[in-house]
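Participant: Have a look at this one.
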Amino acid sequence: MDHIQCPVCGSSSKLKFKLRFNVYKCPECGLYTSDATFDFSFKSDLELQSREVGLKKLRFGNFDTIITELKKRKGGKLNGLEIGSGNGWWLKVCKEQEINCIGIEPENSHQDYYDANGLNVVYGFYPHPEVKSDKGYDFIIFNDVFEHIKDLDELIIALKADLADDGILIINLPMSDGFFYRMAMRLSKVGVTSYLTRMWQFNFHSPHMNYFNQRNLGMLLNKHGFTKASDIKLNSLDFSTLKERIKADGGVNKLKAMVLSSGISALKPVILASKPDIRVFFFTK
């Protein structure tokens, strides 16, 4: 298939490149969309132990930034929902900061962490009756999850129904105009596609369905009556744990991980001066 309909603006998105799955780009809003599918076997090259070492410090720092902005916008006791709780780190930070937040997650690989930290997680896919809120949540958050979801219009309709009238939708996600995505695109043009495959997580069981930029994400949410209140640049790398982050891809051996981490570290000044690879957006109804 050479064309698909853009899920943001409805234009005809053209086939941009072929990897394990096809990726299309909208000529109007610039959204990249894949025809990837979720692998319900939950089996992939994702290596959880290395991933946690490579990400934990980074994620906790970013979560502190998000919570500071959230509290600035909403005072009082907060009641929230995280969609796609993964390792439970966001819920842990919320608990430490006395924020009531429930999570929903399709996988049970982090059950021990949930139990050890007293975290409230429902198993399944959103929307789900066990996380339905009659009063409406003060906030609903996606931490590196929104880009993995295919049926966006249905999703946002459900989100709008589950948010309080003054609730905040928080979307923390990678950007298609960030340094690493742009570099992966350039490498693919000379035949090196492995980095682009990794950016799309096509070798993992939950690949990216879309890659957004600031403009098309805003267009999508505006279409459903949301207004952007703010957005903040987040750190995309902890340079002290680069090797472990790279090794989270089980298809990368130790030597390659060492070489890649050294190369990326050498580019640190360029990376920090470039457009951010991760941003967090705050939308209101």
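The values are calculated or read from the model by the stated rules, or taken from the named source; none is laboratory data. On a predicted model such as this, the values are computed, not experimentally measured, just so you know. Because the Cβ atoms are built from the backbone with ideal geometry, glycine has one as well, and the counts that use them run over all protein chains shown. Side chains are part of the model used for accessible areas, which takes the heavy atoms of the whole protein and leaves out ligands, DNA and RNA. Shrake-Rupley method; radii C 1.70, N 1.55, O 1.52, S 1.80 Å.
Participant: In sequence order, what are the phi-derived ³J(HN,Hα) couplings for the range 275-284 according to the Karplus relation 6.51 cos²θ - 1.76 cosθ + 1.60 with θ = phi - 60°, rounded to whole Hz, with x for glycine and proline?
Facilitator: With coefficients 6.51, -1.76 and 1.60, one gets 4, x, 7, 9, 9, 10, 10, 10, 10, 10 Hz.
Participant: Still on this structure: Just name one of 133, 68, 101: the one whose Cα is farthest towards the positive end of the charge dipole of the range 64-153 (beta-carbon charges, Lys/Arg +1, Asp/Glu -1).
Facilitator: The residue sitting most towards the positive pole is 68.
Participant: Starting from the range 91-161, pick out the GluC sites (Glu not before Pro) whose DSSP state is loop and whose Cβ has at most 12 other Cβ atoms within 10 Å.
Facilitator: Listed in order of number, the matching sites are 98.
Participant: A follow-up question, please. Could you list the trypsin sites (Lys or Arg not before Pro) in the range 121-171 that lie in coil according to DSSP, counting only those with at most 10 other Cβ atoms within 10 Å of their Cβ?
Facilitator: 135
Participant: Using θ = phi - 60° and the Karplus form 6.51 cos²θ - 1.76 cosθ + 1.60, what ³J(HN,Hα) does each residue of the range 208-214 get, whole Hz, x for Gly and Pro?
Facilitator: Working through the residues one at a time gives 6, 8, 9, 10, 9, 10, 4 Hz.
Participant: Related question: Taking all protein chains as present, what is the carbon and sulfur share of the accessible area of the range 1-136, in % to the nearest whole number, probe 1.4 Å?
Facilitator: 47
Participant: Right, another one. List the residues, sorted by chain then number, that are 5 or more residues from residue 16 or on another chain and whose placed amide H is less than 5 Å from its amide H.
Facilitator: Residues meeting the criterion, in which the H sits 1.01 Å from N, are 23, 24, 25.
Participant: How large is ³J(HN,Hα) for each residue in the range 148-158, as worked out from phi by the Karplus curve 6.51 cos²θ - 1.76 cosθ + 1.60 (θ = phi - 60°), to whole Hz, x for Gly and Pro?
Facilitator: 9, 9, 8, 7, 5, 4, 4, 4, 5, 4, 5
Participant: Return the loop-located trypsin sites (Lys or Arg not before Pro) in the range 77-118 (DSSP other than H, G, I, E, B) with at most 13 other Cβ atoms within 10 Å of their own Cβ; answer none if there are none.
Facilitator: Answer in residue order: 77.
Participant: Could you please report the charge total around residue 78, scoring K, R as +1 and D, E as -1 over all other residues with beta-carbon less than 10 angstrom from its beta-carbon?
Facilitator: Once all neighbours under 10 Å are counted, the net charge is +1.
Participant: When ligands, DNA and RNA are left out and all protein chains stay put, how many square angstrom of accessible area per residue does the range 107-213 have with a 1.4 Å probe?
Facilitator: 43
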